[in-house]
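Laboratory data are not the source of any read-out in this text; all were calculated from the coordinates shown. Values in this document were obtained by computation on a predicted structure and should not be read as measured data. Counting neighbours? That spans all protein chains shown, and the Cβs are built from the backbone with ideal geometry, glycine included.
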Number of protein chains: 2
Amino acid sequence: MIDARPIVAALREFLPADGVLTEPADVARYERGWRYGRGQALAVARPATPTDVAATLRVCRRFGVRVQVMGANTGLVGATNPDGSGEQLVLALERLSHEIEIDPIDRTVRVEAGVTLGQLNEALAPHQLWLPIDLSADPQIGGMIATNTGGTSLMRYGDVRQNLLGIEVALPDGTLLDALSPLRKNNTGLDVKQLFVGTSGLFGVVTRAVLQVAPRPRQQITAWAALQHGEAALALLQHLEQQVGDALTSFEVLARATLDVTLRHGTDLDRPFGADLPPYAAILHLGSTLTARHLDLAAALQETLVPALEPGAIDGLTDILMDPGGRAWRLRHQIAECLHAEGEVLAFDLSVPRPALPAFAAAAEALATERCPWVTVCDYGHWGDGGTHLNLIWRPPEAPSDDAWIDEIQEQIYALCVQEFGGSFSAEHGVGPHNQRYYDRYTSPAVKAACAALRQHFDPGRRLGTGRLGPEPI
Amino acid sequence: MIDARPIVAALREFLPADGVLTEPADVARYERGWRYGRGQALAVARPATPTDVAATLRVCRRFGVRVQVMGANTGLVGATNPDGSGEQLVLALERLSHEIEIDPIDRTVRVEAGVTLGQLNEALAPHQLWLPIDLSADPQIGGMIATNTGGTSLMRYGDVRQNLLGIEVALPDGTLLDALSPLRKNNTGLDVKQLFVGTSGLFGVVTRAVLQVAPRPRQQITAWAALQHGEAALALLQHLEQQVGDALTSFEVLARATLDVTLRHGTDLDRPFGADLPPYAAILHLGSTLTARHLDLAAALQETLVPALEPGAIDGLTDILMDPGGRAWRLRHQIAECLHAEGEVLAFDLSVPRPALPAFAAAAEALATERCPWVTVCDYGHWGDGGTHLNLIWRPPEAPSDDAWIDEIQEQIYALCVQEFGGSFSAEHGVGPHNQRYYDRYTSPAVKAACAALRQHFDPGRRLGTGRLGPEPI
C-alpha cells in the first residue's frame, strides 16, 4: 500500500488547500463513474493551471504514483474513475477552466482543457460561432480530445480531431509539450497532436487546445421520415446527400422498439406517426448560415422529400413529418435515459460501413433474440456516419439469474460487428476498462506494437491510463 | 558503392521485365524532380500490387538498400527524386493504379496509391461525387497522403487528413499494415493512419487508401473583389463566413504585383479591374449541392457583397466583379508558371494565423525589398486558411552574381514567419531536402524525439525517406 502522506505534502507545496483533497467525503465523488464504474483514490489533485498539471505529474514521477485523469466524468467505458487499488492519484481538471480566448477573425478559440463544451459554446454564441460537436452530455474539452468525441453532427462537421488545430500536453515526465499553434495549414512532419487524440490520455494530459469553430447556422429545419426497412434509410440518406448535402447536419435512425420505449418513458414528447409506429424512423436535420432570403431550407427539404415519397422513388419510405420546432431532438436526447427506465441495459457503441447498417441491425437483433429471448433489442444511431447504439433491454425477473449470458451475448455481438461486418467495437466512446478485452482481441499486432513504442517513449513508468493500448500489461 | 546486380536479380524474381528499370535512358526520368532537384538512382522498381511493394521493401531490407519513393513527382521540396549517391532504389508507384472501388452509398472510395487525383475524380464524376482537394498539379493519392495536400478548397473541405478514412502501408520490414477500414467513427485507441499522413513516407509506403468523398456541387459562382489593403481582405472573409459560410469554398488573395506579372505572361486571361489594379485582389468561390430552384447562389453572393461595398461597411473594399464563368481560376492556376516566366523565383510556402496575414505580408515585403532591392515581391495564397505563397522574383543581371544573398534572405523570411508571426515554414508542401534545415531549426525537441522513437520502431535500418524528421542523421 502506498503512503499518501508524502505525496500529498509534495502536492501541497504548490497547490492551494482546495487543490488537494484527501477527506473521504470530498474524494467520494471522484471515485465513481457517471453511469458505470467505481474505484478508490489515493487522493485528488485539482490543479488550476497547465504548469500545475505538469508539476503534479512531476510529483507522480518522483513517487512512482499512477494517475487517473478525470474531466467532466461523462465517459461510458470506465476510463474516468480510479481502479480499486487505492493507489491512483485522481487528477481532476475541473479547475483548469479559466481561459476561453476567442479570435473571431481567425475563427478559432484557445481553451483550457477543463472548460466544458457548454461553457465554450456559451462564450462563442455572441460571435455567431460554435464548436459543432452535438452531444447529449456536457464533457470537458480535454476529455473530448482524449476520446475524439463524435456525436450527431459528425457527418457534416467532423469529429474533434477534424476541428482541432493545436494542443498543449503535460507529459508523464512533467514537462509541457507546446503544440498550441492555431495554424490550419502546417505540414512540417509528424502532426504530434494526433498522438493524443482518441488515445484515452495514455501518452499525456491535454491541458489546452486550439479549436477551429464554425459559423453558427442561422436557420435550421428538422423532419421525421417513416421507413419500412433499413435499406430505405440508406436510399433516403443518399438522396438527401445528393440534393441538399451541403445543409444536411444529422441523419439519425431509430428502430421501432427504441421509439416505443422512449415515448413511454420520456417527458413532454410529441408522438410522431400516431399509434402505428413504423419499423424505422429517421430524424433529418438541416442547417445553414444562409438566411431564408436566399435559401428556403424548409421548402428545399420538403421539395426534396416529396418526390422521394412517390411510388417507385424510394422503396419503403412511407411518410414524412416536418418538425419546424425541432421537437424530435428532445426525444432523441432522452433515448438513453428512457432505455434505462425500461429495464436493465446492455449497451453497445458500434459502427459499421454505412451500406452494412441494415444487415447488421437485422443480424444483431436475430442473434440477440434467438440466444436471449428475454431481451428487447433497441437500436438507434448516427446512420449518417455508420454509427449505431445497439441496446439489449430486459427486466431482471425474466432473465436467467446467472449473469453469464451477458458476457456471452456481448462477445457474440462484438464478434458479429467486427468480424462479420468490418465494424468497430467502440465508435465514439473510446477504450477503457469496460472494453479493454475487445481492444486486446480485435486490434492488430502492428497497431499494438506502434502504441507500445509510443508508450515506452512517453511514459516508460506506465503511470498514465487505466487501460493498455499496447500489448504489454499495465 | 553498392552492387546493383544482385538487388536487381532479386527484384526480377517477382517483378516483370518492365517492373525493374536499370538502363540509364529508362532511369533518367526518375532521377529529376518536376521543378527542382536531381539525383542518381541505383535502379527503379515499379511494382503493380501492394504485395509487390512489400516484397520490394523486403529485398531492400535484405540488401540494406535505401529507398526513394516516387509518386507523380509533383512535389516541390526535393522529396521525390533520389539523392546523388546512386545508392537509392527508386520505388515508383505509377503502376499501382488499377483499383478505384467506389461505394456510392457509403460515399467512400478505395484506391491504390498510384492513382492520380485526376483519374480518381474522373471515375467519381458519374456518381456526382468528388475528392474535394483542388490543386494546380495532378499528384498521386499516395503522395497526397505523404504530404497531406491542401489546396484552394481546404477551408471548406479540409486537407487530405480530414478526408482519409483508412490506409494500407507497406512497412520497412516488408509487411503490409492493413488499416483500410472505411469507418467514419472508430475510436479504438491510436489512429495509426495518422502516423503516415504528412510524414513524407518516413515510416512506410502508402499502398492503398479509403477516402471519404463529397457530393459534387451542382452550382458554383466566382467573383473578384478589389481591396485597398490586407485588412480589408480579412474583414471581407469574416463577413462572407458569417453570411454565406456554408457555401464558401475558396478565398484566395493576390497582391498587385502577382496579378500584374500573371496578366503579362498568362495565356487567354481576362483582366479584372481594367488598367488600374488594386493593391490586393481576392477570388471568392462559392459552391452548393442545392440547385438554383432553392438557392440562387449568385444572388446570395451579390446581395452579401453589395452592402459590404457601402461606405462605412468594409473599409478598403472598393469593387466587386461577378465572374459567372469562373475565369478567375484560369488566372489563379497560371500564377506559378507566370512568375517563373518573369525571372528567377525564390518561392516560399508559408502560413500564419489568419489575422496576421496583412502584417506578415507587409513585413516580408519590407524586409525583402530593403535587403534585396533587386527583387519584386509577389505574394498570393489561400488566405481563407492562412496560407500564403510568397515569391521573390528577379532578373539575374540585376542581382549580385554571388548567390549568398539568396540563402540569407531565405533564412530571414523563414525566421520572420516562424519566430515573429507564429507561422509555418511549410504550409502544404511538406518536408524534404529543400527545407530540411528549417525543420531542424524550428521543430521542438519533443516532437523530434517522438518522431525518432517512431522511426526507430518502424525503420530501425533508416532505409526510407530522403530527409530526417527526428534529431538523428540519416
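Below, the figures for the structure above:
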{"item": "Calculated FRET value between B:ARG32 and A:ALA453, using beta carbons and R₀ = 41 Å, to 0.05", "result": "0.70"}
{"item": "Nitroxide proxy distance, nm - points 7 Å out along Cα→Cβ at B:PHE14 and B:ARG293", "result": "5.4"}
{"item": "B:ASP276-B:ARG371 FRET efficiency (beta carbon distance; Förster radius 30 Å; 0.05 resolution)", "result": "0.50"}
{"item": "Fewest-first ranking of B:VAL447, A:VAL8, using other Cβ atoms within 10 Å as the exposure measure", "result": "A:VAL8, B:VAL447"}
{"item": "Pairwise centroid distance, computed over Cα atoms, of the stretch A:243-314 with the stretch A:182-227, Å", "result": "26"}
{"item": "Sequence-separation-based contact order of chain B, relative, with Cα cut under 8 Å and 6+ spacing, percent", "result": "15"}
{"item": "Total formal charge among the other residues, if their Cβ is under 11 angstrom from that of A:LEU269, Lys/Arg +1 and Asp/Glu -1", "result": "+3"}
{"item": "Cβ-vector label at 7 Å, B:ARG264, separations to other copies in nm", "result": "8.0"}
{"item": "Tilt relative to chain B, helix B:50-63 - C-alpha long axis, 0 to 90 degrees, to 10", "result": "60"}
{"item": "Residues A:ASP260, B:ASP385 arranged by fewest to most Cβ contacts within 10 Å", "result": "A:ASP260, B:ASP385"}
{"item": "Efficiency of FRET between A:GLN412 and A:ALA341 - r from beta-carbon atoms, R0 22 angstrom, step 0.05", "result": "0.25"}
{"item": "Chain B: angle of helix B:297-309 to the longest principal axis, Cα-based, in degrees nearest 10", "result": "60"}
{"item": "The protein assembly as shown - convex hull of alpha carbons, volume per residue in Å³", "result": "181"}
{"item": "Within straight-line cross-link reach of A:LYS448, lysines at Cα separation under 16 Å, skipping those fewer than 8 residues along the same chain", "result": "B:LYS193"}
{"item": "Order of A:ARG354, A:ARG66, B:ARG271 - criterion: other Cβ atoms within 10 Å of each residue's Cβ, fewest first", "result": "B:ARG271, A:ARG66, A:ARG354"}
{"item": "Charge context of A:GLY114, other residues only, Cβ under 14 angstrom, K/R +1, D/E -1", "result": "-2"}
{"item": "Copies compared at A:PRO397 - label distances in nm, ascending, label defined 7 Å from Cα in the Cβ direction", "result": "10.3"}
{"item": "Proximal charge balance of B:LEU57 [Cβ under 12 Å; K/R count +1, D/E count -1]", "result": "+2"}
{"item": "Exam field: A:SER136 pseudo-label spacings to other copies (7 Å along Cα-Cβ), nanometres", "result": "5.1"}
{"item": "A:ASP403-B:MET322 pseudo-label distance in nm [points 7 Å out on the Cα-to-Cβ vector]", "result": "6.8"}
{"item": "The stretch A:106-171 versus the stretch B:1-67: alpha-carbon centroid distance in Å", "result": "46"}
{"item": "222 nm mean residue ellipticity, helices alone, for chain B (DSSP H n ≥ 4; -39,500 (n - 2.57); rounded to 500)", "result": "-9000 deg cm²/dmol"}
